[in-house]
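Just so it is clear, none of the values below were taken in a lab; they were calculated from the coordinates. Everything numeric in this text was worked out from a predicted model, so none of it was measured. When we count neighbours, we look across all protein chains shown, and the Cβ atoms used for this are built from the backbone with ideal geometry, even at glycine.
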Amino acid sequence: MTQSEMNAASERLFNIGKDLFTNLAIKDTLYINEERKQIDGDFTAEPFKVHLKLSVYPENGIMTIFSVLPFDIPQTKASDFAKMICSINYNDFYAGNYDYDSDRGKVVFRLAILYRNSIISRELMEEGIKYSISTVAKYNDRLFEAARDV
């Protein structure tokens, strides 16, 4: 794929992402950064709304969907929490994973889709967004309870 083809593919994906976020996200939460090809928005979910960031990287042909969880993990819970994250990633996921920075106490769900030499459909992008929302929503309560310093 030439650089101009990569740029066109990236622009196409970014435009699809903008449209999907505009249609699916909570209206007042949408933030679009055209220059960095990033889109942020909150999505309705239980027990917490889910915040997603979609980024398109033309330099390497990767699109990512991130969700930073809205709570921190206390240092006293770091070891047990890390084991739980490893278990969830290994046993439960067919796509995506949780990353945990034990020094900062931050947890992020990450789904990456390569698009080099490919044409990613709108349906696949929508499925990736919905999968990210449902996955984060499914584990939010469990991860939040494990992080509580009771």
Loop-located GluC sites (Glu not before Pro) in segment 52-150 whose Cβ has at most 12 other Cβ within 10 Å (DSSP): 59
Cβ-placed point charges (K, R +1; D, E -1), dipole of the chain about Cα centre in debye, nearest 20: 100 debye
Mind jotting down the three principal axis lengths of the chain based on Cα atoms? Whole angstrom, largest first. 53, 32, 25
Can you give the Rg and Dmax of segment 87-150 based on its C-alpha atoms, in angstrom? 14.2, 50
As an exercise, identify the trypsin sites (Lys or Arg not before Pro) in segment 61-150 lying in DSSP coil whose Cβ has no more than 13 other Cβ atoms within 10 Å. 104, 116, 148
Check each of the chymotrypsin sites (Phe, Trp or Tyr not before Pro) in segment 69-134 and keep only those in coil by DSSP with at most 16 other C-beta atoms within 10 angstrom; list them in order. 71, 93, 94
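Need the full-extension length gain, residue 108 to residue 2, defined as separation in residues times 0.36 nm minus the C-alpha distance. One decimal, nm. Before the final figure, lay out each step's value.
On the way: separation 106, 0.36 × 106 = 38.16 nm, distance 3.24 nm.
Once the chain is fully extended between residue 108 and residue 2, it gains 34.9 nm.
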Under 21 Å from the Cα of residue 53 - lysines, other chains or at least 8 residues apart: 18, 27, 37, 106, 130, 138
Crossing angle, helix 78-92 versus the chain [Cα axis fit, 0-90 degrees, rounded to tens]: 50 degrees
Once label points are set 7 Å from the Cα along Cα→Cβ at both residue 144 and residue 46, what is their separation, rounded to one decimal in nm? 1.2 nm
For the chain, what does the helix formula give at 222 nm: sum of -39500 (n - 2.57) over DSSP H segments with n ≥ 4, over the residue count, nearest 500 deg cm²/dmol? -14500 deg cm²/dmol
